[in-house]
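Heads up: the structure comes next, in C-alpha cells.
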Amino acid sequence: MAILDSLAGFIDNNGLAEAFAAKAEDPAKARRPLLDGIRRAREQFAARGGDGARVGSRWWQLQNGVVALTVKIGGDVLPLNGAATNHLPEGVFAAFLDALEQAVEAGELDEALRARQAERARPARGAEPAQRQRVPGRHPSNDREDWDSLTWAERQKVSAFYREGRNPDGSVIATAGYKPDAPIAG
C-alpha cells in the first residue's frame, strides 16, 4: 500500500477538476455573429434603394443623409461609443463598417462581447430560479381529482406550472411538497 499512498501526492481533485471542466473560450466564435451582421449591413447599405424606410431586420436606418446604427446581436443591443444608437453621415457609413470590422477582427470588442454573454447567462431580473423538482411517475393529470372537469386553459396552466417545478397554486414543489389538488393560481 505504500506505493498507492504515494500516488495521492500527484492527485489534485479540487483545483484540477475545475480547470478540466472549464470551457475554453473561442474568440472567433464570439465574434462571428457581429462580423456576419457587419457583412449584412454592408450588403444592405450597398443595395439600398431611394427609400429610407424602416426595416426591422436592419441595423441601420437612413434619413436626411444621416445613418442611425443600432448593432443587435441575438436580440440584444451592443452599445458602441457608450450609446445604443449611433448617428453617422451617410457618406462615411461604408468606411465606418470597414473600420468596425477591422476592430472586431483585432479583438477590440472582445470584452464587450464577453460582458454581453455574461449578462445573457444571468437569471431573469432578480428572480431566483425555481427549484425544479418533479415527482417521478406523477403528473397532475393523473393525480388531480377534478382534472376531467377543468377547462383546456386550466389544464394548460396546471401543466405549465408542473413543468416549472410548481404546484397549481404557484408554490415550489421542492419547498412546499407536491400538491396536485391545490387551487389554480390566477
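The values are calculated or read from the model by the stated rules, or taken from the named source; none is laboratory data. Being a predicted model, the structure only gives us computed values, none of them experimental. Calculation scope for accessible area: heavy atoms of the full protein, side chains included, ligands and nucleic acids excluded. Shrake-Rupley method; radii C 1.70, N 1.55, O 1.52, S 1.80 Å.
Within the accessible area of the stretch 24-119, the carbon and sulfur atoms contribute 51%, probe 1.4 Å, all protein chains present. Within the straight-line cut-off of under 27 Å between alpha carbons, the lysines reachable from LYS179 are LYS157, sequence neighbours fewer than 8 places apart in one chain being disregarded.
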